[in-house]
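The values are calculated or read from the model by the stated rules, or taken from the named source; none is laboratory data. It should be emphasised that the depicted structure is a prediction, and the values quoted were computed from it without experimental measurement. Cβ placement follows ideal geometry from the backbone for every residue including glycine, while neighbour counts extend to all protein chains displayed. Only protein heavy atoms, including side chains, enter the accessible area calculation; ligands, DNA and RNA are left aside. Shrake-Rupley method; radii C 1.70, N 1.55, O 1.52, S 1.80 Å.
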Amino acid sequence: GAGTVIHPSVTIYPGVKTGSDCTFHSCVSLRENVTLGSRVILHNGVVIGADGFGYLPPQDGARAKIPQQGTVVIEDDVEIGANTTIDRGALNDTIVGEGTKIDNLVQIGHNVVIGRHCVIVAMSGIAGSTELGDFVVMGGKAGTAGHLKIGAGAQLAGTCHVAGDVPAGARMGGTPGRPYRQWIRESAALRRLAQRDGDDEST
């Protein structure tokens, strides 16, 4: 697209389509048939469209690779931090919605759908086929299991890991993820219990 800036050592595979005024910093890799909107910023080392992690159960001691036939669609005004990876879909496309901001070192699995204007902080991971609604926030090192639905406006605190669906607007914390206030109360109670046990041992 017009006005797009491509820095040194960027790799663009066949079939890639980009909008206008994008910026691709050095060592970005765009795999086959990836589509990007306008004003997309990809920082150093971003990989878009690598194969998703899919293998069949062992046959005669070997795992057969499942072909990954989908691709990745990045909508307008998305910014993706350094060394983040977004896998191509197995059958359907992996999608990152308009205005979403993704920090460094984030892993997004195959068939994930991320809504508009989400914020995903460094070292988070989203397992395959999970869907995030609009305006979801994931704190640093947060994570999801696969095939989940995270409702619009939900917030996952840093290091929160959820194994089930999250309602729209919910605030979650801890591992396994639970409502934020519950997690805070449990953490405080556990701390008081540990302090009490420590006092008992000292006497």
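Would you check if there is a residue in region 123-133 being farther than 29 Å from D93 by Cα and of a type in the set (D, E)? No - not one qualifying residue is present in region 123-133.
Scanning region 131-169 for residues that are over 21 Å from N83 (Cβ atoms) and part of a loop (DSSP other than H, G, I, E, B) yields a count of 20. Picking from residues in region 46-64 that are at pLDDT below 95 and not in a loop (DSSP other than H, G, I, E, B), the one that is farthest from G109 (Cα to Cα) is Q59.
In this structure, is L91 out of contact with any Asp or Glu (no Cβ under 8 Å at 6 or more places or on another chain), open to solvent by 80 Å² or more (accessible area, probe 1.4 Å) and in a loop (DSSP other than H, G, I, E, B)?
Yes; evaluated as a whole, the condition is true for this residue.
Within region 11-45, the set of residues being buried (at least 19 other Cβ atoms within 10 Å of the Cβ) and outside any loop (DSSP other than H, G, I, E, B) comprises F24, S29, L30, T35, L36, L42. Looking at this structure, is N104 touching a residue at least 60 places away in the same chain (Cβ under 8 Å), among the polar types (S, T, N, Q) and not in a strand (DSSP E or B)? Considered against the rule, which asks whether it is touching a residue at least 60 places away in the same chain (Cβ under 8 Å), among the polar types (S, T, N, Q) and not in a strand (DSSP E or B), N104 comes out as yes. Among the residues of region 74-94, those that are of a type in the set (A, V, I, L, M, F, W, C) and either at pLDDT below 95 or out of contact with any strand residue (DSSP E or B) (no Cβ under 6 Å at 6 or more places or on another chain) (or both) comprise A82, A90, L91. Any residue at all in region 132-148 that's in contact with a His (Cβ under 7 Å, 6 or more places away or on another chain), open to solvent by 70 Å² or more (accessible area, probe 1.4 Å) and under 29 Å from V28 (Cα atoms)? Yes, region 132-148 contains a residue that is in contact with a His (Cβ under 7 Å, 6 or more places away or on another chain), open to solvent by 70 Å² or more (accessible area, probe 1.4 Å) and under 29 Å from V28 (Cα atoms).
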